[in-house]
Amino acid sequence: MKRRINYLLMALFAFLTVTAYALNLSEEFRYFKPVPKAKETTDVLRIILDSDIYDSTSIGYRDVRISDSKGTELPFIIKTDVANETQTEYAYSPAKITSLKKLDDNRLEICIEIPAEKQIVSGLTIRTPSKNFEKQVTVEGSSDMSLWKPVCQEQAIFDYSEVTPLSNSTIKFDGSQARYFRLTIANFKENRQSPRTELINEKRQGGDFSRIEKMSISSEHLKIDEIGFLTKSDKIIRSKSRTNETPVIGFAVNEIKGKTEITFSTRREPLGSVKLETGSINFTRNYSVSISEDGKVWQPAGMDGKLTSIDIAGYKELDLSVSLGFRSKFYRITIINGDAPPLKFTGAKAYGIVTFLEMINSKDSTMDSLSVYYCGKEIPAPSYDTYEILSKLKNPTFSELKPGPQEINPAYKPGLRDASFLNNKTFFTAVIVAMVLLLSWILIKSFRKIESMNSDQ
C-alpha cells in the first residue's frame with residue numbers, strides 16, 4: 001500500500017512539472033524581432049507592428065510579448081494610431097489703449113497693453129465703423145515699452161463695401177508673448193471728393209459768360225472704436241485611425257449572373273478600407289463583404305455599403321471605398337449588378353490601420369535591447385496594469401520604433417501547448433479536486449494507523 005501511494009505522489013509531481021512548463025511562456029514563441037534602441041529619452045515607447053507579425057499572430061494579439069535581453073517580460077498595451085482633424089479657432093479679447101500719437105507722413109501710432117497673465121497673442125483686430133478704406137499696419141512687440149521688436153510689416157486692413165461686401169480688420173501673425181504692442185497705421189487720413197458738385201454760371205450782357213464747377217474735398221480719418229487681441233487654439237473636429245497603404249495579393253474578378261465577386265488576400269493586416277479602381281462611370285451599386293482564413297469557407301463580415309461614380313450634367317460624386325476595420329487572410333467583395341452590365345474593375349488599394357505596442361519607457365528599457373516575441377499555440381492573453389497607468393498621462397512624449405527582420409526563436413519548443421487539454425479550466429478543476437481527495441485519503445489513512453498503534457500500546 002505504501003508503495004502504491006509513493007507511485008501516486010510521483011505521478012502527481014510529474015504532472016505538476018509538465019503543467020508548470022505549460023504555463024511558462026519563455027520558450028513558446030516561434031519567432032522574434034529585435035527592436036532598435038530609441039535615439040532619445042521619451043515617456044513612452046511605441047513599437048510599430050508589421051506584416052510579419054500580423055501574418056503570424058492571433059486575431060486579438062494574444063501571442064505577442066516584449067522581453068528585454070535578460071528574458072524578462074515587459075508590460076505593454078496594444079493601440080491603434082489616431083490622427084485628429086483639427087480646426088483653428090481665434091478668441092477675441094479687448095486690449096487697453098495706453099497711448100496714441102500722430103506722426104509725420106500721415107501716420108498714426110497706437111500702443112496697447114495685454115492683460116497681465118502670460119498669453120500667446122496671434123493677431124490684433126481693429127474695430128471701426130469706417131467704410132471704404134485701405135490702410136497698411138505695421139506691428140511691433142515689447143515686454144517693457146522700451147525695446148521694440150518687429151512682429152509683422154505693412155499688413156492691410158480694408159473695407160470695400162462701396163464696391164463689394166469685402167472687408168478685413170484683423171492682422172494675424174505668428175504667436176508672440178509680448179505684453180505691449182505698437183501699431184503704426186499709414187495713410188491714416190484720406191482726402192475724399194464729395195459726391196455733390198456746385199455749378200456757378202457767370203453772365204455778361206444778358207448771356208452766359210462762363211461756368212465754374214466747384215467740387216468739395218473733405219478729409220476723413222480712420223475712426224477706431226476698440227483694439228483687441230486674438231489667442232489661437234486648435235479644436236478637434238473628428239478623430240480617425242491613421243492608415244498606411246498595404247499590398248493587395250492575388251486580386252481577381254469573377255463575373256456571376258447579376259453580381260461581380262472581387263477576391264484578394266493580405267498578410268492579415270488590420271485593414272481600415274479598400275479603394276477599388278475602375279474606369280466605369282455613372283453607376284451606383286450595393287456591395288457586401290465576406291472574409292475567410294483559408295479562401296474556401298466564407299462568412300459575412302457585416303460590412304455592407306454602396307459604390308458610387310457619377311459625372312453627368314455638372315453633377316459629380318465619387319465613392320469607391322469599401323469600409324472594413326478588421327483582420328483576415330482573404331476578402332471577398334460582392335457587388336450587386338442586378339440587370340445592369342457588370343463594372344470593369346482593374347485593381348484595388350488597401351489601407352491598413354497603424355497598430356503598435358505601447359510601453360512605459362523606463363531607464364532600463366532605453367539602455368537595454370528589446371525583442372518582440374510572437375506566434376505561439378494556445379497562448380493566454382497577458383494581464384498587465386499598463387493601460388491604467390498610461391491613461392493617466394496627458395500628452396506624453398513618445399518614440400516610434402520599427403522592429404528589425406523576423407528571426408526564428410532557437411529556444412522554441414513546440415508540443416506542450418498543442419495539447420489543448422492543458423489549458424482547459426474544467427480539466428484543471430478536476431485535477432485539483434482529485435489532488436484534494438488523494439491528500440485527504442492519505443491523511444485519513446495515516447491518522448487511523450496512528451490510532452491503531454496507540455490502542456495496541
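Below, the figures for the structure above:
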{"item": "Full-stretch length increase - Asn132, Tyr92 - with 0.36 nm per residue and alpha-carbon distance subtracted", "result": "12.0 nm"}
{"item": "Signed unit charges on C-beta, dipole axis of the stretch 243-353, positive-most listed residue Pro341, Val289, Ile249", "result": "Ile249"}
{"item": "Extension reserve of the Glu388-Arg62 stretch, reckoned as 0.36 nm per residue once the Cα distance is removed", "result": "115.5 nm"}
{"item": "Neighbourhood net charge (12 Å Cβ-Cβ; Lys/Arg +1, Asp/Glu -1) for Lys306", "result": "-2"}
{"item": "Distance between the stretch 72-91 and the stretch 313-364 - C-alpha centres, whole angstrom", "result": "22 Å"}
{"item": "Unsatisfied cross-links (Cα-Cα over 27 Å) in the set Lys33/Lys296; Lys79/Lys394; Lys240/Lys296; Lys259/Lys316", "result": "Lys33/Lys296; Lys240/Lys296"}
{"item": "Fully extended contour minus Cα-Cα distance, from Lys402 to Ser51, at 0.36 nm per residue", "result": "125.2 nm"}
{"item": "Whichever lysines have a C-alpha closer than 30 Å to that of Lys189, once near sequence neighbours (fewer than 8 apart) are set aside", "result": "Lys96, Lys101, Lys102, Lys131, Lys135, Lys149, Lys172, Lys214, Lys223"}
{"item": "Peptide ranges 250-261, 279-290, 122-133 listed from the most packed, as the mean C-beta count within 10 angstrom indicates", "result": "122-133, 279-290, 250-261"}
{"item": "FRET efficiency, 1/(1 + (r/R0)^6) with R0 45 Å, evaluated for Asp174 and Ile310 via beta carbons", "result": "0.55"}
{"item": "Residues whose placed amide H lies under 5 Å from that of Ser280, excluding near-sequence neighbours", "result": "Lys344"}
{"item": "Pairwise FRET efficiency - Phe326 versus Ile256, Cβ, R0 = 22 Å, nearest 0.05", "result": "0.35"}
{"item": "Gyration tensor (alpha-carbon) shape descriptor, the stretch 38-124, a/c threshold 1.5", "result": "prolate"}
{"item": "Loop-located GluC sites (Glu not before Pro) in the stretch 58-135 whose Cβ has at most 12 other Cβ within 10 Å (DSSP)", "result": "Glu117"}
{"item": "Vicinal HN-Hα couplings computed from phi for the stretch 55-71 (Karplus, 6.51 cos²θ - 1.76 cosθ + 1.60; Hz; Gly/Pro x)", "result": "6, 10, 10, 6, 4, x, 6, 5, 9, 10, 9, 10, 9, 8, 5, 8, x"}
{"item": "Magnitude of the charge dipole, the stretch 40-166, Cβ model with Lys/Arg +1 and Asp/Glu -1, debye to 20", "result": "520 debye"}
{"item": "Simple spin-label estimate for Lys189 and Glu220 in nanometres, 7 Å along Cα-Cβ", "result": "1.6 nm"}
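Rule-based calculations on the coordinates, nothing more; no lab input. Here the structure is a predicted model, which is why all the values come from computation and not from measurement. We place every Cβ from the backbone using ideal geometry, glycine too, and count neighbours over all the protein chains shown.
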